[in-house]
1. What do you get for chymotrypsin sites (Phe, Trp or Tyr not before Pro) in the range 190-281 restricted to DSSP loop and a cutoff of at most 12 other Cβ within 10 Å of the site's Cβ?
2. Mind scanning LYS130/LYS237; LYS113/LYS200; LYS146/LYS270; LYS114/LYS163; LYS163/LYS234 and naming the pairs with a C-alpha gap bigger than 27 Å?
3. Whole-Hz Karplus ³J(HN,Hα) for the range 95-102, in order, using 6.51 cos²θ - 1.76 cosθ + 1.60 and θ = phi - 60°, x for Gly and Pro?
4. Can you pull a Stokes-Einstein diffusion coefficient for the range 154-281 at 10 °C (1.306 mPa s), Rh from Kirkwood over Cα pairs, as a whole number of µm²/s?
5. What does the charge count around GLU78 come to, taking other residues whose C-beta lies under 11 Å from its C-beta (Lys +1, Arg +1, Asp -1, Glu -1)?
6. Could you order peptides 258-265, 91-98, 231-238, 164-171 by the average number of other Cβ atoms within 10 Å of their residues, highest first?
7. Which values, in whole Å and largest first, are the semi-axes of the equivalent ellipsoid of the range 133-186 obtained as the square root of 5 times each eigenvalue of the Cα gyration tensor?
8. Across bins of 10 angstrom width beginning at 0, how are the C-alpha pair distances of the range 91-160 distributed, in whole percent?
Amino acid sequence: MKYRFFSIPVALITALAALSLGAGHAARADEPKQHIDVGHLPQQATVVEDVIVPVPSEVFGVLDKLGSPNWHDVLRTERPKTPSARAETALLLGDIIAEGFVAVEAQDPEQVKKIGTTVLDLSQALGVRKAVVARSAAIIEFADKKDWPQVREELDGALTDVKQAMELLHDDELAQLVSLGGWLRGTEALTQVVDRNYTKDSAGLLHQPVLLDYFDQRLSQMSPRLRNDDVVAKIQKRLPEIRPLIGEADTDISKQSVSQIHDIVHDLVKAIAPTSLFTLP
């Protein structure tokens, strides 16, 4: 069985869901890869209650086969400050890791290095700094060398390490919010790219009903303390609006629907990373 996912990384991030963000496996040059075969995902992919969550680099590997969009137009260049609420910090951490994959696509070493530092700052606020110190240093090192496949691998690893560290601290719900934040930012970036260069195949990457249902279920089961957070509550309210826009299996997603999905996720990403949270680089 095959599902199309975008998570973020991972990414874009698998879109971008645990983020879900190693590089995607190779496809024949004369046969562009237009879907993700969940039977042949890389080792880093996660299976959660029968839901396959590909790492973000797997999704970006697919996007690499679908054209060469101007990723600099998609990339954010401001550096965020750390929110006061832990739920919002977790969402922002996922968002920023997904942003790292955008920076890799844009081949912007300075932004990748800033993102590596920001990942460390946000991880510290969540009590898992130790888990990503080596990854953050490696992201900066490989960005200096412009070794983009290796940067992707380190971003994937940072996401995995952060989530595992949170789970060891029994912060499973925050780990899920990291995944969700990455998926939202990844989907925002994906819809922006697809909307500008629309094809039915690229829009098909948005067909993720199982993943949407999974996030909706996880949000509904979270503790009242997290569900009552303003940003989490907004995401829980708006996420179901995406479901009818992606249609049923084998249904083409129209350009209008891509734009509508973008508007929804853009609104949610703004809530996760509002302008007030950003400082000039």
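The values are calculated or read from the model by the stated rules, or taken from the named source; none is laboratory data. Keep in mind that this is a model prediction, so the values were computed, not measured. We place every Cβ from the backbone using ideal geometry, glycine too, and count neighbours over all the protein chains shown. All accessible areas refer to the heavy atoms of the entire protein, side chains included, with ligands and DNA or RNA removed. Shrake-Rupley method; radii C 1.70, N 1.55, O 1.52, S 1.80 Å.
1. Details: sites: TYR198, TYR214, PHE215, PHE278; in loops: TYR198.
Listed in order of number, the matching sites amount to none.
2. Values: LYS130/LYS237 34 Å; LYS113/LYS200 35 Å; LYS146/LYS270 30 Å; LYS114/LYS163 21 Å; LYS163/LYS234 23 Å.
Among LYS130/LYS237; LYS113/LYS200; LYS146/LYS270; LYS114/LYS163; LYS163/LYS234, the Cα-Cα distance tops 27 Å for LYS130/LYS237; LYS113/LYS200; LYS146/LYS270.
3. Values per residue, Gly and Pro as x: 4, 5, 5, 4, 4, x, 5, 5 Hz.
4. Numbers: Rh = 15.8 Å.
Taking Rh from Cα pairs, D becomes 101 µm²/s.
5. Numbers: positive: ARG76, ARG79, LYS81, LYS114; negative: GLU99.
Computed value for this residue: +3.
6. On the way: 258-265: 19.4, 91-98: 32.4, 231-238: 17.6, 164-171: 15.4.
Highest to lowest by the protection proxy: 91-98, 258-265, 231-238, 164-171.
7. Details: eigenvalues 113, 35, 8 Å².
Value: 24, 13, 6 Å, ordered largest first.
8. Result, from short to long distances: 25, 61, 14, 0 percent.
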